Each structure stands twice: as structure tokens, then as C-alpha cells.
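What follows draws every value from the coordinates through simple rules; no lab data is involved. Owing to the predicted nature of the structure, the values given are computational and were not obtained by experimental measurement. As a convention, Cβ positions derive from the backbone with ideal geometry for all residues, glycine included, and neighbour counts pool all protein chains shown.
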Amino acid sequence: VSDLDGDTADRALTSLRAEMTARERMLADAGVREFSALPDGTGPARLVIVVDELAALLARTPELHSLFADIAARGRSLGLHLLLCTQ
């Protein structure tokens with residue numbers, strides 16, 4: 001996702017929120033609190049989200065800040081990991 005493409009950033013925002021919701025539902029259905037407690041082979045793959053030029057992206061799409069903060073706080077338990085880069 002480029003900081004220059006607002007439509008793609010909006011799609012990424014929607015998709016990441018949906019992914020978090022789906023993973024929360026999957027953990028609840030399995031009766032576990034975190035991704036690592038799922039039996040092997042039953043859950044989705046871990047997801048690494050790589051963002052380059054974070055500052056520029058947040059300047060253009062400030063609502064991503066709360067999403068990235070949420071993923072940073074709860075992502076490990078959902079199998080989501082962030083790699084954030086900026087100059």
C-alpha cells in the first residue's frame with residue numbers, strides 16, 4: 001500500500017479490520033484466547049503486515065493510526081504482526 005494511493009489505503013483499512021474480526025471469531029469459536037493455543041493446522045497462517053513510509057501514510061490516512069495501535073496491542077494473540085518503517 002502506497003501513501004500516494006488513498007483508495008488502496010481505504011481498502012487495506014477495511015480488510016485489516018475484517019481480518020481481525022474474523023480471527024477473533026475463530027478464537028472464540030475454538031474456545032481459546034490466543035492464536036498459539038489453536039491445534040496445529042487448524043488456524044490461518046500468521047500474517048505479517050509490512051508498512052514502509054509510515055509517517056507519510058498516516059499523514060494521508062490518519063484513521064490508520066488507531067488500527068495500527070490496535071494491531072500492535074492485540075495482534076500477537078491473533079497471529080498478526082507489524083513491521084513499521086519510516087524515515
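Taking other C-beta atoms within 10 Å as the exposure proxy, 48, 32 rank 48, 32 from fewest upward. Angle of helix 63-78 to the longest C-alpha principal axis of the chain, folded into 0 to 90 degrees and rounded to 10: 20°. The GluC sites (Glu not before Pro) of the chain meeting both criteria, a DSSP state outside H, G, I, E and B (loop) and at most 16 other C-beta atoms within 10 angstrom of the site's C-beta, are 34.
Across all C-alpha atoms in segment 15-87, the radius of gyration and Dmax reach 13.5, 42 Å. Just want the answer: with Cβ charges of +1 for Lys and Arg and -1 for Asp and Glu, which residue in 64, 39, 81 is farthest toward the dipole's positive end in the chain? Highest projection toward the positive end goes to 39.
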